[in-house]
Amino acid sequence: MATLAELAAARAGLGEPAIDHLLRLTASWSLLADLAFSDMVLMAPDADDPEALVVLGQVRPNNRATVVTPDLVGTSHRAADWPLVHRSLAEGERVTGYASPEVVGEPTLVWAIPVRANGAVVAALVRLQGPMRGPSSLYEQAYLSIFVRLCDMVAASSFPFREDDVAGPGLPRVGDGIILLDAEGRVDFATPNAVNALHRVGVALSVEGRTLPELGLRLRALERARAFAMPTLEEVDRGSDVAIVFHCVPLLEDDRTSAVMVLVRDVSDLRRLNRVVLSKEAAVREVHHRVKNNLQTISSLLRLQARRSLERETRTALLEAERRVRSIAVVHEVLSREPGEDVSFDEIVRSLVLLVEDTVLALHPVEIVVSGELGVLSTDVATPLAVALAELLTNAVEHAFVDFTDADPSPVGVVTLRLARHGDEAIAEVRDNGVGVGPDFSLDAPTSLGLSIVRDLVRTQMRGTIEITTVEPAAGGGTLVRVEVPLDARR
Ligand SMILES: Nc1ncnc2c1ncn2[C@@H]1O[C@H](COP(=O)(O)OP(=O)(O)OP(=O)(O)O)[C@@H](O)[C@H]1O
Ligand SMILES: [Mg+2]
């Protein structure tokens, strides 16, 4: 779909400054749609066809049902079907009346407002209002009176403001609350939401007819909005519980500020939420810290018990448990340090190798060699992969070189960990030059804990594949474990 800038250039033949003006208008015009309870479209004469109009933009009100269901942006229309718009463009005046444009279907109140940029009429802002239910309320009339002033500003080229948009993410909307101040700064009217907000910042008096300073509210933003004829923003806090945003929009007449519309939004809940999120972050850091400490405590307890066990089997089992806890601690340590979702896997690998060397090599001198790298991985992959590799490295060191004797101090074996990325996959190979797993080995037969953990992590959690084979003696012998996991394991 073409953008406003593309349509304005290609179809309406408008130049850069005019397009910029229209972009700023449409950045702010949801405010106009809400004040008028109406759909709005932006139309410009077709550069190639004097009898045609092209729709450059469209906005629907937030506070009323739309009367224009189709998407009109980029559509072409006969000027004869939009006589009010055609006249407004030709005469440079606001033209209003009832019409039945095809896109609405029923008789509709239509306003066509000339959009002037640098003295020239470049487009028409078209208000389309469906039937009103019942007589309009006092607030609706007040909204409309502001809308009329803004329309005059559009025709006089003083709206949109050059400095700032008056609508957009984070800015108060019409429904949040409005205070209209007259030329003397006295409250002309204030919506109930706005009055509530004023109460929250300590205004106790009734507001009508008084100036904000008289009500005990000094807004620097208001003074600046008046003085410089531009929109300004100020947040007023009362204690840590109340935060109200005041958005002061000057309404200009002949370049003089004749009134100020103050949009008011109570953002207390939002600010409280921000504080909660911030304190949650601190809590998460604290939890990480405690988990780390707890893992360390568990691992020391296990080591202590292992040392006290008289039976060799019990001791080995306890030391194994201790190693598992520590390999989880290693991963945890890295995960808690790295910000966000991604972690440097190579750093994890370095720690894991140190850990395996530390715990197992004391019994069997074996050399561990790492080649290649995986770089940065998402934690969804990094965590299970690290735990699986810790198990595989331990297995190689523990089982591959069973005929080693304490009498021979030289390393009898080499374990290599090869890491690589292949397209969207991470590939990790753990290879040793030891005895091999034997021909009857099957990964699917119920095995002991270590390989069951690896199998489940690789296949179920990471949706990858694992293969364990004995390498022919001619090719060097030993065991080769190949793990392939998709890098986007989240699916
Ligand atoms: N690299 C290897 N070389 C030779 N045999 C191996 C190798 N890896 C695994 N095995 C064999 O597969 C068996 C199962 O391994 P697994 O890791 O599941 O259990 P484990 O290491 O004996 O005990 P744990 O549950 O403490 O890890 C091992 O006991 C061993 O016989
Ligand atoms: Mg094992």
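We did not get these values from a lab; they are worked out from the coordinates using the rules stated. Remember, it's a predicted structure, so these values are computed and weren't measured experimentally. Using ideal geometry, Cβ is built from the backbone for each residue, glycine included, and neighbour counts are taken over all protein chains shown.
Which one, Leu25, Ser38, Val104, projects farthest toward the positive side of the charge dipole computed for the range 4-155 from Cβ point charges (K/R +1, D/E -1)? Towards the positive end, the residue furthest out is Ser38. Sorted on the mean count of surrounding Cβ atoms within 10 Å across their residues, most packed first, peptides 14-21, 136-143 read 14-21, 136-143.
In the chain, a dipole from Cβ-located charges (positive for Lys and Arg, negative for Asp and Glu) runs towards its positive end, and of Leu53, Val369, Leu302 it is Leu302 whose Cα lies farthest in that direction.
Computed extension length for Leu205-Ala120: 25.9 nm, one decimal, from 0.36 nm per residue of separation with the Cα-Cα distance subtracted.
For the range 224-328, the relative contact order comes to 16 percent (Cα pairs under 8 Å, sequence separation of at least 6). Peptides 379-385, 38-44, 253-259 ranked from most to least packed, by the mean per-residue count of other Cβ atoms within 10 Å: 38-44, 379-385, 253-259.
A Förster radius of 56 Å, combined with the Cβ-Cβ distance separating Glu425 from Asp49, puts the computed FRET efficiency at roughly 0.50. Fully extending the segment from Leu354 to Lys280 would add 23.3 nm, taking 0.36 nm per residue of separation and subtracting the current Cα-Cα distance. Using the Cβ-Cβ distance between Asp254 and Arg218 with R0 set to 22 Å, the FRET efficiency works out to roughly 0.20. Helix 345-360 and the longest principal axis of the C-alpha atoms of the chain enclose an angle of approximately 30°. Taking 0.36 nm per residue of sequence separation and removing the Cα-Cα distance, the His399/Ala475 pair yields an extension gain of 25.4 nm.
Return the calculated 222 nm mean residue ellipticity for the chain, to the nearest 500 deg cm²/dmol, obtained by summing -39500 (n - 2.57) across DSSP H runs with n ≥ 4 and dividing by the residue count.
On the way: 11 runs with 184 residues, N = 491.
It lands at -12500 deg cm²/dmol.
As a test, work out the antiparallel percent of DSSP beta bridges whose residues both lie in the chain, rounded to the nearest 5. Antiparallel: roughly 95 percent of the beta bridges in the chain. Packing, as the average of other Cβ atoms within 10 Å across residues, places the peptides 175-187, 305-317 in the order 175-187, 305-317, highest first.
Taking a point 7 Å out from the Cα of Val369 in the direction of its Cβ, none of the residues of the range 449-489 has a backbone N less than 12 Å from it.
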